[in-house]
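None of the figures in this text is laboratory data; all of them are computed from the coordinates on show. Keep in mind that this is a model prediction, so the values were computed, not measured. Positions of Cβ are generated from backbone atoms using ideal geometry, with glycine treated the same way; all protein chains shown enter the neighbour counts.
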């Protein structure tokens with residue numbers, strides 16, 4: 001069975017569990033309900049040989065509801081086939097079931113999404129922050145989080161006041177130049193701004 005045939009049959013088998021099918025540049029994305037994520041992921045792994053979890057990421061659609069999306073990138077080594085699953089998550093109940101028991105690599109991806117975006121994964125074996133410290137009250141990848149950061153009450157751990165934006169080594173300078181020329185670069189002696 002070819003890749004497109006596999007994805008077509010997957011769409012037929014899962015039927016109403018697929019809320020939307022998106023085809024873009026030769027890639028297939030299935031939007032599924034939050035309640036179906038484990039069942040669909042398990043079926044993809046065990047029945048269709050999607051044996052490799054490439055990535056899990058999250059999107060903040062600030063101002064829309066549902067506000068968040070969790071995006072799963074699956075790959076089948078035997079079929080050389082890519083599949084993207086999307087789950088939409090509301091701000092009122094920002095939880096999704098874990099798939100870390102299906103693909104152990106999901107453990108760190110889910111921890112990072114919890115740490116940076118504030119989405120919880122039900123039944124995760126060790127859901128704690130992975131980049132920020134425990135007790136940090138914010139989620140830095142949410143769109144309402146200011147670029148300059150927020151003050152911290154934990155001296156010796158992080159900034160105790162808002163970090164300055166100007167003068168940093170990787171700060172983009174305002175100009176009318178092209179994106180390539182405005183790209184943040186290390187600034188130092190002998191380097192052009």
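Could you state the per residue volume, in Å³, of the convex hull enclosing the Cα atoms of segment 72-135?
Hull volume normalised by residue count: 94 Å³.
Need the C-alpha centroid separation for segment 63-140 versus segment 8-31, integer Å.
So the two Cα centres are separated by 20 Å.
Using Cα pairs under 8 angstrom and six or more residues apart, how large is the relative contact order of segment 77-149, in percent?
Working: 67 pairs, mean separation 17.7, N = 73.
The normalised contact order for segment 77-149 reaches 24 percent.
Between residue 52 and residue 16, what length comes free when the chain is fully extended (0.36 nm per residue of separation minus the Cα-Cα distance, one decimal in nm)?
10.5 nm
When N counts the residues of segment 3-147, how does its alpha-carbon radius of gyration compare numerically with 2.2 N^0.38 Å, as a ratio?
Working: Rg = 15.4 Å, N = 145, 2.2 N^0.38 = 14.6 Å.
Working it through for segment 3-147, the quotient is 1.06.
By average Cβ neighbour count within 10 Å, what is the ranking of 131-140, 115-124 from highest down?
115-124, 131-140
How much length would be gained if the chain were fully extended between residue 102 and residue 134, taking 0.36 nm per residue of separation minus their Cα-Cα distance, in nm to one decimal? Each step should come with its number before you reach the end.
Details: separation 32, 0.36 × 32 = 11.52 nm, distance 2.65 nm.
Gain on extension, residue 102 to residue 134, equals 8.9 nm.
Provide the packing ranking of 73-82, 141-150, i.e. peptides ordered by the mean count of other C-beta atoms within 10 Å per residue, highest first.
73-82, 141-150
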